[in-house]
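Below is one structure; the comments refer to it alone.
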Amino acid sequence: MRQREGKMGVDGAATPRKEHQRSAAGHWLDAEAAAALAFPPRTKRPRSWAVNVVLVAFFMTVPPMVFLLGARTSAPAVWISSLRGGSGDGSVQRWSAGSFDKLLGGLLADGFDETSCHSRYQSAMYRHNPGKKPSPYLVSKLRQQEALQRRCGPGTVAYSTALEQLRSGKSDIGSPDCKYLVSISYSGLGNRILAAAAAFMYALLTDRVFLVDPSNEMGELFCEPFPGTTWLLPPGFPLTSYTNFSIDTAESYGNMLKNKVLRNDVVGDVPVFAYIHLNHDATQDDKFFYCDEDQRLLRNVPWLVMRTDNYIVPGMLLDAGFQEEFARLFPEPDTVFHHLGRYLFHPSNHVWGLITRYYDAYLAAAQRRVGIQVRVFGEQPDSPALLEQITKCTQSHGVLPELLLSGTDDPVMPVGRRRHSTAVLVTSLKSWYSEKLKSMYWEQAVATGEAVSVHQPSHEEFQQFGAKSHDTKAWAEIYLLGLTDTLVTTAWSTFGYVAQGLGGLRPLVLYRPENDSVVPDPPCGRDVSMDPCFHAPPFYDCRLKRGADTGKIVPRVKHCIDMSWGLKLVHNN
């Protein structure tokens, strides 16, 4: 199927009156559909004319009645497509009037130039799972953040003053209403996405302008999320070496605490900027960032530069000062990345073309879509044990049908009955796993008679950090995984975390084996939430000032099923 770039029903351009008519039910019909409803001339009225009138009136009334009774809003689209002789399949419904919520319940702001970013408002058409609704408070907070970005962001007088403040080292010359957070972009794509989302969460909680380091194609992979301004840090930033900041940087918050440059128990002057180092190698001094009294000190620092390769949001909830605001923003705690990811990360037009072309060609026609994300860590060869783990997991949980004994014929299907079809999307650096699955479902019959097709967009063989074409394919595949109905992911993989969050899915997680040649028993388990896992959390109780199991401090934060020491947000209900 072609990539769809045409008009989108009621969301497109106005329809010329001379080519369309409005039905009694209030739907715009094209000439062909209108002709299908037109009465025959009176002189040639058939004997069943009265019956025809009743039927036409019925069909003109049913769609709004069904809609009012709570059916999907795509019902009128199916009805109109049937009058046109269409198939009424998912692709027709996606592009018909009123069949999707392009603003995602108010999460997205209206008014963007849609040609600059097709995915922003078209993505809802491709999602069978519409996702969770954002809270009204989150919607309001995002509109406030957008206003802050426009008022204090690049190109404004306030931003120019703030840059001068940074150059001079004087923290008292800038606007008290404009404070900034710069997120450094590095590591693999999954890590970059999770790190940026977590940094944005912190900006929301602390009322800071959020800026992203443009390194690693951040401006080429993603559209701008904020209307009327940019989230990309412009050239000319005074901290010229900020991308090289590390655990040894003297201006890191942890080092300033350790060296008594800053004290969170003493009120005094604060520096014009601080570097927040929250990488996997962060020290305990760095991780004091998650404590209440340290946040009170950081609140007054005009510029913060943050580096992390982790999804640090669960750590923020350990700060009692953030908990009330967090609860208002996210009544369902495990939806943080689900909402912020869909708000921030819209594929650029080039990437969106890759996504939609592949989806329409290989996934759209299937009645069910299954995503399997296979992450092979290190230099592991193709693993028969991992393949067995995947098949045991998917078949025992009913994700894929079980195979009959070799040589057994397919079950007899009634004449004219269409086989149930499942499209399996495999993403992996290796092609071996998808080829084996494809061969299995071609060479052996399944008990249900189901038709199973297996597809893999790319196989790059090894991860290529900083390669544009590699990241482009990776982003397209992450997004495609999020468009599936059922998802299977690999333990510890940030690639899978992003897909499950965008898709609003609780995946089956393939447990990481202790021995690469032995299949874990059980092979997988259902994740406790859709939110990503924080791999390098603090182990410190800020209130008691001692080491602690931080998975037991806050009810909304529990340990991850794929990494026993990791933390993740869960919904207690």
Inset, instruction - Can you figure out the FRET efficiency of Val261 with Glu164, using R₀ = 22 Å and their beta-carbon distance, to the nearest 0.05? - result: 0.45
Inset, instruction - Can you check what the net charge comes to around Leu108, using other residues whose Cβ is under 10 Å from the Cβ of Leu108 (Lys, Arg +1; Asp, Glu -1)? - result: +1
Inset, instruction - Starting from the Cα of Gln395, step 7 Å along the direction of its Cβ; do the same at Phe539; then give the gap between the two resulting points in nm. - result: 4.0
Legend entry - Two-decimal Rg/Rh across segment 194-341, once Rg and the Kirkwood Rh are taken from alpha-carbon atoms: 0.95
Inset, instruction - Taking only protein heavy atoms into account and a 1.4 Å probe, give the accessible area per residue of segment 303-374 in Å². - result: 24
Legend entry - Straight-distance crosslink candidates among aspartates and glutamates, where the alpha carbon sits under 17 Å from Lys430 and sequence neighbours closer than 8 are dropped: Glu379, Asp382, Glu388, Glu460, Glu461, Asp471, Glu477, Asp516
Legend entry - Nearest-0.05 FRET efficiency for Ala250 and Asn572, computed from C-beta distance (R0 56 Å): 0.85
Legend entry - Fraction of the pair-distance distribution of segment 113-157 above 16 Å, Cα-Cα pairs, percent: 64
Inset, instruction - Give me the aspartates and glutamates in straight-line cross-link reach of Lys552: C-alpha distance below 19 Å, same-chain residues under 8 apart excluded. - result: Asp292, Asp319, Glu324, Glu332, Asp334, Asp527, Asp531, Asp541, Asp562
Legend entry - Two-decimal log10 I(q)/I(0) for segment 197-261, as the Debye equation yields it once each C-alpha is a single scatterer, q = 0.17, 0.19, 0.25, 0.29 Å⁻¹: -0.81, -0.96, -1.23, -1.26
Inset, instruction - Using label points projected 7 Å from each Cα along Cα→Cβ, tell me how many nm separate Leu239 and Asp292, to one decimal. - result: 2.8
Legend entry - Local electrostatic count, Asn310, Cβ distance below 15 Å [Lys/Arg +1, Asp/Glu -1]: -1
Inset, instruction - Can you tell me the FRET efficiency between Asn515 and Gln367 if r is taken as the Cβ-Cβ distance and R0 is 22 Å, rounded to the nearest 0.05? - result: 0.05
Inset, instruction - For a quick protection proxy, order the peptides 327-335, 296-304, 548-556 by their average other-Cβ count within 10 Å, most packed first. - result: 327-335, 296-304, 548-556
Legend entry - In nm, spacing of pseudo-spin labels at Lys552 and Ala385 (7 Å Cα→C-beta vector): 3.2
Legend entry - Candidate lysines for bridging to Lys558, where Cα separation is under 17 Å - those fewer than 8 sequence places away on the same chain excluded: Lys568
Legend entry - Debye equation applied to the C-alpha atoms of segment 136-252, log10 I(q)/I(0) at 0.18 Å⁻¹: -1.03
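The values are calculated or read from the model by the stated rules, or taken from the named source; none is laboratory data. Computed from a predicted structure; not experimentally measured. Counting neighbours? That spans all protein chains shown, and the Cβs are built from the backbone with ideal geometry, glycine included. All accessible areas refer to the heavy atoms of the entire protein, side chains included, with ligands and DNA or RNA removed. Shrake-Rupley method; radii C 1.70, N 1.55, O 1.52, S 1.80 Å.
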